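*Asks:* The structure's right below; bear with me while I get my questions together.
Laboratory data are not the source of any read-out in this text; all were calculated from the coordinates shown. Since the model is a prediction, treat every value here as computed from it, not as a measurement. A quick note on method: Cβ atoms are made from the backbone with ideal geometry, for glycine too, and the neighbour counts reach across all protein chains shown.
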Amino acid sequence: MSDDLAATLRMLVERFALACVEYMVFGSIAALAHGRARATQDLEVVVALDEHSLTALLRTFTADRFYVSE
């Protein structure tokens, strides 16, 4: 896994935790975590959101680094 991809995953997981959002990582990154080599290195994530958790998650993305359109 590339350093950029690992950093992105860490950043997302931290924000999901702060917002108490349930998530699931799948695809090539999940396969790599289980020791299976893949030709691609992409990141697929499914999140369980309701109105409250969406608002909480969006608040973790600060305006100095992210653009979030509501």
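*Asks:* Which far-off residues, 5 or more places away or on another chain, put their amide H under 5 Å from the one on GLY27, with H placed in the peptide plane?
*Replies:* Answer set, sorted by chain and number: none.
*Asks:* Same structure again: Exactly which trypsin sites (Lys or Arg not before Pro) in the range 27-66 are in a DSSP loop and have at most 14 other Cβ atoms within 10 Å?
*Replies:* Those satisfying the criteria are ARG36, ARG38, ARG65.
*Asks:* GNM on the chain, C-alpha springs below 10 Å: top fluctuator among ALA19, ALA48, ALA56?
*Replies:* Greatest mean-square fluctuation among the candidates belongs to ALA48.
*Asks:* Further question: Along the positive direction of the dipole of the chain (beta-carbon charges: Lys, Arg +1; Asp, Glu -1; about the Cα centre), which of LEU49, PHE66, GLY27 reaches farthest?
*Replies:* Farthest along the dipole direction, towards plus: GLY27.
*Asks:* In debye, nearest 20: dipole of the chain around its Cα centre with unit charges on the Cβ of K, R (+) and D, E (-)?
*Replies:* In debye, rounded to 20, the chain gives about 240.
*Asks:* Quick one: helix 3-18 against the long Cα principal axis of the chain, what's the angle to the nearest 10°, folded into 0 to 90?
*Replies:* For 3-18 against the chain, the angle is about 40 degrees.
*Asks:* Working from the pairwise distances between different alpha carbons, so that the mean of 1/r is found and then inverted, what is the range 1-55's Kirkwood radius in Å?
*Replies:* 12.1 Å
*Asks:* Mean projection of the alpha-carbon convex hull of the range 26-70 over all orientations, in nm²?
*Replies:* 4.5 nm²
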